[in-house]
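Everything on this sheet refers to the single structure shown next.
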Amino acid sequence: MGISIMPNSLLLLLIFSIPIISATEYHEEEEEEKRGIFLLQSSKQVVKTDGGEIRIMRGDNRGRDIHSPMHIGFISMEPNTLFIPQYMDSSLILFIRIGEMKIGWIYKDEMVEKQLRIGDIYRIPAGSAFYMVNVGKGQRLEIICSIDTSEGLRESTFQSFYIGGGTYPTSVLAGFDMRTLTTAFNVSVDELASITERQKGGPIVFMTGSETNQLNRWASLMQLKQKEREEKRQFAEKKYDNGDDDEDDDDDREHKEVKEWTWRKLLRSFLVKENKGAIRSPKSYNLYEKDPDFKNNYGWSVALDEHVYNPLKHSGIGVYLVNLTAGSMMAPHVNPTATEYGVVLSGSGTIQVVFPNGSLAMNTEVRQGDVFWVPKYFPFCQIASHSGTFEFFGFTTSSRRNRPQFLVGASSIPKIMGGPEMAMAFDVSEEKYKRIIEAQRESIILPPWPETKEMKGEELPLFINTAASE
Ligand SMILES: *[C@@H]1O[C@H](CO)[C@@H](O)[C@H](O)[C@H]1NC(C)=O
Ligand SMILES: *[C@@H]1O[C@H](CO)[C@@H](O)[C@H](O)[C@H]1NC(C)=O
Ligand SMILES: *[C@@H]1O[C@H](CO)[C@@H](O)[C@H](O)[C@H]1NC(C)=O
């Protein structure tokens, strides 16, 4: 976003706002139980109101030499609630798990709105003010998001700055003195107090009664008459009908006008029922509608990179979704370019992760809601339990095309490399090597062991090199 044409007040906020989430943070006892080093186990409820909650699975494995660069956020909102306007010091990639919502945010200095539904992926850049409304009739809204901490003020934490607010949450505006604010807004102290002291409901509030009144108060405070709104809208339409993508080529007079009313637009944005036209918001992408990149009888997988969905490029984050049938396995593989995060959406399964030196790092059963992560270069596999379909979704730390290298199966490195060199590396005859390596005809997603074979399997030592594993 071009800072040069930011509304003054928003610019001030960006520069002088004080961190406030620490004051309103709701601490929950952190889970002590250690289930595996590549599970995110530090779950913290950062917001809890009648209207909803936000839970963060933190990616800081303190005291370990492997650093996790991402947090995973879970936002849930009751029907007819508003997540009040704020901005964050981290970029968010949203995935709509359940429900339907309207997101409003400042894009290229304009207020844009976007309807999102189940399966949609959407990106909110760090520093962009946004709000979210659950518009699903009688339906809860559940969102899973990646929180990229690399742009934050402090490493491995993140910060919300509430723009709307009162006593809870505190608006960043509260940090300014009265004179500054009354001058900036050009209103009286009383009028100002009518919007800055009312909110007590927390960051997620029901949009009924008093809140609706409050929105009306904001509007009357801004003294926006219908006529004026219309003029402004026409102005906006004219401006953006030119379809220009660059931000800085308007003449000075237009600049000034934009400056003066963008801030108002943010505050009254709730009131404008249809904000169609004007500037178009960036597109969303529906993960459930994408054709699988790989599919066989045992499951499928879908990956979203910057070539498919361009906004991912700005965050350098990829998205994927995998669905394994009961007992099936994503063959052992390595991500050479990205660290991977997985959130179990449904079913249960096992995640095995191996250190690059060939010893076991984690072998853990996971179920719905668990979050695992796998650093790049670490071999791993995911195995669905026999009880049913295992579905997981997640983020990778690269928006480039990720080319996982498979270690087992028909399209694996040992198979493709083949030849006497490989046989020699395992110190077996080429003939024997071929027999073993070609026994598996499937690739990438492998079928389950037949039950009887599995029974026999239990008598086997769990790992090849028992000395190397714990
Ligand atoms: C402030 O408000 C007064 C009264 O509504 C108006 O006359 C004046 O032009 C406003 N000043 C600015 C800078 O908007
Ligand atoms: C996962 O795959 C199974 C079997 O193909 C299917 O029944 C199920 O609906 C899939 N789940 C999702 C979320 O697509
Ligand atoms: C392999 O590497 C891990 C992590 O660095 C270490 O904890 C483990 O002891 C190593 N195992 C062997 C057999 O070298």
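The values are calculated or read from the model by the stated rules, or taken from the named source; none is laboratory data. Treat the numbers as computed from the prediction; the structure is a model and nothing was measured. Cβ sites come from the backbone with ideal geometry, for glycine too, and all protein chains shown count toward neighbours.
In table form, for the structure just shown:
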{"item": "Among (1) more than 16 Å from ligand 3 (Cβ to nearest atom); (2) within 19 Å of ALA303 (Cα to Cα) - the single one GLY388 does not satisfy", "result": "(2)"}
{"item": "Meets criteria (modelled with pLDDT under 95 and at positive phi) for GLY347", "result": "no"}
{"item": "Of all residues in the stretch 57-84 being among the β-branched types (Val, Ile, Thr) and at pLDDT below 90, the one that is farthest from ARG97 (Cα to Cα)", "result": "ILE66"}
{"item": "Residue within the stretch 120-133 that is under 26 Å from LEU345 (Cα atoms), at pLDDT 90 or above and over 16 Å from the mean Cα position of the chain (by Cα) present", "result": "yes"}
{"item": "Criterion violated by VAL344 - all others in (1) among the aliphatic types (A, V, I, L, M); (2) away from ligand 3 (no atom under 16 Å from the Cβ); (3) more than 20 Å from MET57 (Cα to Cα) satisfied", "result": "(3)"}
{"item": "Residue that is surrounded by the fewest Cβ atoms within 10 Å (Cβ to Cβ), among those in the stretch 357-379 that are over 23 Å from the mean Cα position of the chain (by Cα) and away from ligand 3 (no atom under 16 Å from the Cβ)", "result": "GLU365"}
{"item": "Residue ID - modelled with the lowest pLDDT, chosen from residues in the stretch 37-56 that are out of contact with any strand residue (DSSP E or B) (no Cβ under 6 Å at 6 or more places or on another chain) and either within 14 Å of VAL343 (Cα to Cα) or in a strand (DSSP E or B) (or both)", "result": "GLN41"}
{"item": "Filter pass, VAL354 being modelled with pLDDT of 95 or more and crowded, with 22+ Cβ neighbours inside 10 Å", "result": "no"}
{"item": "Any hit, the stretch 203-211, residues being modelled with pLDDT under 80, under 30 Å from ARG280 (Cβ atoms) and in a helix (DSSP H, G or I)", "result": "yes"}
{"item": "Selection status of ALA326, surrounded by 15 or more Cβ atoms within 10 Å (Cβ to Cβ), more than 16 Å from ligand 3 (Cβ to nearest atom) and at pLDDT 95 or above", "result": "yes"}
